[in-house]
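What follows is calculated from the coordinates using simple rules that are stated; it is not laboratory data. This structure is a prediction, so every number in the text was calculated from the model and none was measured. Every residue, glycine as well, gets a Cβ built from its backbone with ideal geometry; the counts of neighbours run over all protein chains shown.
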Amino acid sequence: MLFRGQYFYTDDLDTTEAFAHVLLRFRQEKGLTHEVLAERAGLHPTTISLLERGKRQPSLGTIFLIATGLAVEPERLVREVRKLRPKLRT
């Protein structure tokens, strides 16, 4: 989430929520627990949980780490987020 002054930018929320859905789907498709993905990505399991629940917005570096942990290209995660965002706005 991003706050600038008094204004809340909903695009950031849409992106965060979309990433949460993508991360959850990829992790489940690969049959990984939070703990296993976190270990592979070099992150804490709580970070994975927060990202999947849309409680934390990932940095670019975190997206790269997660992609490594999932054995996918970072571009694939971003592409899936871009596909999902319009659906979240309706």
> Can you pull the semi-axes for the stretch 9-89, root of five times each eigenvalue of the Cα gyration tensor, sorted largest first, whole Å?
Replying inline: 19, 13, 11
> Can you give the FRET efficiency for E75 and H44, using 1/(1 + (r/R0)^6), R0 = 25 Å, r = Cβ-Cβ distance, to the nearest 0.05?
Replying inline: 0.50
>> Quick one: 3J(HN,Hα) in Hz for the stretch 63-73, Karplus 6.51/-1.76/1.60 with θ = phi - 60°, rounded, Gly and Pro as x.
In response: 4, 5, 5, 5, 4, 4, x, 8, 6, 10, 6
